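Worksheet for the structure shown next.
The values are calculated or read from the model by the stated rules, or taken from the named source; none is laboratory data. Values in this document were obtained by computation on a predicted structure and should not be read as measured data. Note: ideal-geometry Cβ built from the backbone for every residue, glycine included; neighbour counts use all protein chains shown.
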Amino acid sequence: MSLSTIIVDDEPLARKGLAIRLQAHGDINVIEQCSNGREALEAIRAYPVDLMFLDIQMPGLNGFQVIESIIEQGLSMPVVVFVTAFDQYALKAFEVHALDYLLKPADEERLAQTIDKIKYYFKGAVDTAHKSKLVRLVSDVTGNDYQKILAELENNQELSLSSYSDVLAIKDAGEVSRVPVKDILWIDAAGDYMCVHTLENKQSTLKENTYILRKTMKELETCLDPKQFIRNHRSTIVNKNFIAKFCSQVNGEYFLVLKNGKELKVSRSYKDKVKQAVNS
């Protein structure tokens, strides 16, 4: 048995390290190392891929969006092993969906356990069962109805999957913070970075916090549900649920007052949309 395998990770050292470790396992044939989700999709179109080691947090298409795209485009779904920097408690939600996961950096013993699972799967597991788990994962991550997705797949209908997650994963200094989207107050641009301001419940105490995210405003908007987050300025996005008041001043300027008292300016170009969103 030789399994055509791709590694998908935006970190070159992580890709190379995993590829070297996999060389010790003769059944695993790494045919492509992909630096992002789009390269992964190209590889799956080009080759019959049996197995994919897939990073979850990547710029552009993240791991969940790669799975979404495979389903939407009707491509052959490889067996998926997640490779992630998320802590083990966060991974409990993923554990039941993927064949397995590896926590970075994966040690030899843990990788050997994963390889054993892969071999066992290909000896006797049913492919549809794995696909069903991945569809359920897409459902849990994006908020889509699992049974509805399965019915659409069975009827060869086009899927219209939402890509809005309830968690924003933010990498900083080698650590990953999983920030609940519902806790985000507002987001503003600071050069090449985004400042994500939150109000979090820590041990029954509300605490304000700020996370630094390396994304453009345009990229960030695609991750957030426009029903919940509205643009009030070219450099600011606000969570509609935290808006207390929409105000105008005698000089013709407009601003929002958040529930924590923070005031945010509303530019004239966004005034009408903000007013409509606040009143809806």
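Residue check, G26 against (1) out of contact with any strand residue (DSSP E or B) (no Cβ under 8 Å at 6 or more places or on another chain); (2) touching a residue at least 60 places away in the same chain (Cβ under 8 Å); (3) closer than 23 Å to Y121 by Cα, all met but one. Which one?
(2)
State whether the residues of the stretch 216-223 include one that is part of a strand (DSSP E or B), outside the structural domain of V83 (by TED's automatic domain parsing) and not small (G, A, S).
No, every residue in the stretch 216-223 fails to be part of a strand (DSSP E or B), outside the structural domain of V83 (by TED's automatic domain parsing) and not small (G, A, S).
I want to confirm something. Restricting to the stretch 171-193 and keeping residues that are outside the structural domain of R234 (by TED's automatic domain parsing) and of a type in the set (G, A, S), which single residue is surrounded by the fewest Cβ atoms within 10 Å (Cβ to Cβ)?
A173
Scan the helices (runs of 4 or more DSSP H) fully inside the stretch 1-81 and keep the ones with 3 or more residues being of a type in the set (K, R).
Answer list for the stretch 1-81: 12-22.
Among (1) within 30 Å of R214 (Cβ to Cβ); (2) buried (at least 18 other Cβ atoms within 10 Å of the Cβ), where does G60 come up short?
Of everything listed in (1) within 30 Å of R214 (Cβ to Cβ); (2) buried (at least 18 other Cβ atoms within 10 Å of the Cβ), G60 misses just condition (2).
Restricting the search to the stretch 250-270, which residues are hydrophobic (A, V, I, L, M, F, W, C) and either surrounded by fewer than 13 Cβ atoms within 10 Å (Cβ to Cβ) or under 31 Å from the mean Cα position of the chain (by Cα) (or both)?
Of everything in the stretch 250-270, those that are hydrophobic (A, V, I, L, M, F, W, C) and either surrounded by fewer than 13 Cβ atoms within 10 Å (Cβ to Cβ) or under 31 Å from the mean Cα position of the chain (by Cα) (or both) turn out to be V250, L256, V257, L258, L264, V266.
Mind counting the residues in the stretch 30-72 that are of a type in the set (K, R) and in contact with a helix residue (DSSP H, G or I) (Cβ under 7 Å, 6 or more places away or on another chain)?
So the answer is 0.
Could you pull out the residue among G17, G63 that is in the same structural domain as V80 (by TED's automatic domain parsing) and more than 27 Å from L220 (Cβ to Cβ)?
G17 is the lone residue from the list that is in the same structural domain as V80 (by TED's automatic domain parsing) and more than 27 Å from L220 (Cβ to Cβ).
For the stretch 216-230, check the following and say yes or no: at least one residue is modelled with pLDDT under 90, crowded, with 18+ Cβ neighbours inside 10 Å and of a type outside the set (S, T, N, Q).
Within the stretch 216-230, one or more residues are modelled with pLDDT under 90, crowded, with 18+ Cβ neighbours inside 10 Å and of a type outside the set (S, T, N, Q).
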